[in-house]
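J.: My questions will all concern the structure given below.
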Amino acid sequence: MLCWMNGHYVESEALRISPFDHGFLYGLGFFETFRTYDGHVPFFDDHYQRLSEALRHFHIDMRYTIADFQQVIETLNEKAEGDGYFRLNVSAGVHDIGLQPTLYDEPTIIVFRKPLTQRPRGKEKEAIWLKTPRNTAEGMMRFKSHHYGNNVLARFEVPNLADYEGFFLTEAGFIAEGITSNIFWVKDDILYTPLLETGILGGITRKQVIQLAKNLGMIVKEGTYKAVELEQATECFITNAVQEIVPIYKIGDNVFKGAAGQVYQQLHETYVDEILQRTKGE
């Protein structure tokens, strides 16, 4: 697998990271995951902005521009002859043991690419309420960081992620997010999703779906909700940048409309149209 690291294209077997990298020692690193459509990443500005905001919060210098990464993505796809699944990873960089640095100005930046596993649009998943509670964010908001132990513990609770998604609750018992997704549900023609202040990740696809729903005239409510409120829904679906919008057909004994849900169908069709328009315009 060909990767890119700090300005150089490197085979994955040759990648080397120092054990003194603070991403390894202290989990100080951040990443974005996304896929390409005909070589383009829709909403890449949003991914780059979210990553840059995380790096600013933790005093990590980003010396590459969005155009630099777009060129890297294009090159990796060209060499692999097709679209791919990408992870753009920024680790704080090499320093002595201890928390002395006030600025990380030489981070370790890697772009990973792997073949894209095409999940058929409309393929449903079953959701499971997780016993592991959602942890709190490291700061005022949640970023996609190397602090992933909470997600790993949750992953142990589900048979697989191809057919299932685990739903986190907060310590207070409010619906949070999925292991790798944001959560939406429909009740009485209203689209619900947890507030960012619940401690969830501000997903890029979540943001787009909320805006698309409002453009379509749907009522969208963000708030704090207990599990029973989702269990009373008629529709439920999850979102992330790689899988797009995935219908949920059941959680526990509660059955939803799944892929037959009218709101799900309308939003996914509109979302795909938006992607096509954006990739054609690039």
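The values are calculated or read from the model by the stated rules, or taken from the named source; none is laboratory data. Nothing here was measured: the structure is a model prediction, and the numbers come from that model. We place every Cβ from the backbone using ideal geometry, glycine too, and count neighbours over all the protein chains shown.
Residue-wise test of (1) at pLDDT below 95; (2) over 30 Å from K226 (Cα atoms); (3) among the charged types (D, E, K, R); (4) touching an Asp or Glu at 6+ places or on another chain (Cβ under 7 Å).
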| position | (1), (2), (3), (4) |
| --- | --- |
| L99 | yes, yes, no, no |
| K123 | no, no, yes, no |
| V152 | no, no, no, no |
| E157 | no, no, yes, no |
| G178 | no, no, no, yes |
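J.: Among (1) part of a loop (DSSP other than H, G, I, E, B); (2) free of Cβ contacts under 8 Å to residues at least 60 places away in the same chain; (3) surrounded by fewer than 17 Cβ atoms within 10 Å (Cβ to Cβ); (4) not basic (K, R), where does V242 come up short?
T.: Result: V242 passes all but (2).
J.: Scan V41, V10 and give me the residue that is buried (at least 19 other Cβ atoms within 10 Å of the Cβ) and either out of contact with any Ser or Thr (no Cβ under 6 Å at 6 or more places or on another chain) or more than 24 Å from T102 (Cα to Cα) (or both).
T.: On inspection, the qualifying residue turns out to be V41.
J.: Given A241, A227, which one is within 20 Å of N151 (Cβ to Cβ), over 16 Å from the mean Cα position of the chain (by Cα) and either modelled with pLDDT of 95 or more or among the acidic types (D, E) (or both)?
T.: A227
J.: Please give the number of the condition A92 fails out of (1) over 28 Å from R206 (Cβ atoms); (2) touching a Phe, Trp or Tyr at 6+ places or on another chain (Cβ under 8 Å).
T.: Of everything listed in (1) over 28 Å from R206 (Cβ atoms); (2) touching a Phe, Trp or Tyr at 6+ places or on another chain (Cβ under 8 Å), A92 misses just condition (1).
J.: If T205 meets every condition in (1) surrounded by fewer than 18 Cβ atoms within 10 Å (Cβ to Cβ); (2) touching an Asp or Glu at 6+ places or on another chain (Cβ under 9 Å) apart from one, which number is that one?
T.: (1)
J.: Turning to a different aspect of this structure: Where the second residue is assigned to a helix (DSSP H, G or I) and buried (at least 17 other Cβ atoms within 10 Å of the Cβ) and the first is of a type outside the set (A, V, I, L, M, F, W, C) and lies in region 9-32, which pairs have Cβ atoms under 6 Å and are six or more apart or on separate chains?
T.: Correct list of pairs: G29/G23; E32/H47; E32/L51.
J.: Same structure, new question: Being within 24 Å of E274 (Cα to Cα) and charged (D, E, K, R): is that true of R50 here?
T.: Numbers: within 24 Å of E274 (Cα to Cα): yes; charged (D, E, K, R): yes.
Yes: the conditions hold for R50.
J.: Shifting gears a bit: Scan region 52-90 for residues that are within 22 Å of the chain's Cα centre (by Cα), assigned to a helix (DSSP H, G or I) and in contact (Cβ under 8 Å) with a residue 60 or more places away in the chain and jot them down.
T.: Listed by number, the residues that qualify are E53, A54, H57, V72, L76.
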